Every structure is written in structure tokens, then in C-alpha cells.
Amino acid sequence: MAGELKEKCAVAGVLAGEADAAAAAVYEMLFAQQHRGTEATGMASQLPSGEIGYHFAPGMVRDVYDDQAI
């Protein structure tokens with residue numbers, strides 16, 4: 001996920017104890033912001049191991065994320 005933010009990027013962040021709650025909240029925020037650009041979407045989170053996991057792809061929020069990705 002390296003790279004620069006561009007003018008068509010939407011950024012959202014959540015600090016939460018429950019990973020599922022945080023992922024769902026970020027999904028909703030990205031969905032609400034997608035009118036800013038529909039080129040691509042991505043989401044990153046800290047895994048229990050401390051590593052950063054991510055999922056990203058070209059397209060609209062509703063088309064990129066499924067239950068497994070969130």
C-alpha cells in the first residue's frame with residue numbers, strides 16, 4: 001500500500017477494540033465518501049500479530065469488499 005495520496009482518495013480511520021466493529025465502521029465511511037472518486041479503494045488494519053493487513057482493488061466500495069475482506 002505504498003504510494004502517495006491523490007486528489008481522488010478518500011481516507012477514513014477508526015480506533016476500536018473490536019476488529020470487526022472497526023472494519024465495518026471504515027467500510028461505511030469509505031462507502032459514504034466514494035463520490036469523491038471511484039478509481040479504487042483500500043483498507044488496512046493492524047492484525048493481532050502486530051502486522052498490518054490490507055485489502056485494496058480498483059472499483060467501487062460495494063464491489064471491492066466482501067465479508068471475508070472486511
Stretched fully, the stretch from Ile52 through Asp20 gains (0.36 nm per residue minus C-alpha distance, one decimal, in nm) 10.0 nm
Sorted by chain and number, the residues with a modelled amide H under 5 Å from that of Gly59, at a separation of 5 or more or across chains, are Ala40, Thr41
Ranked output for segments 17-29, 39-51 by mean other Cβ atoms within 10 Å, highest leading, reads 17-29, 39-51
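Laboratory data are not the source of any read-out in this text; all were calculated from the coordinates shown. All values derive from a computational prediction rather than experimental measurement. For neighbour counting, all protein chains shown are included, and Cβ atoms are generated from backbone atoms with ideal geometry for every residue, glycine included.
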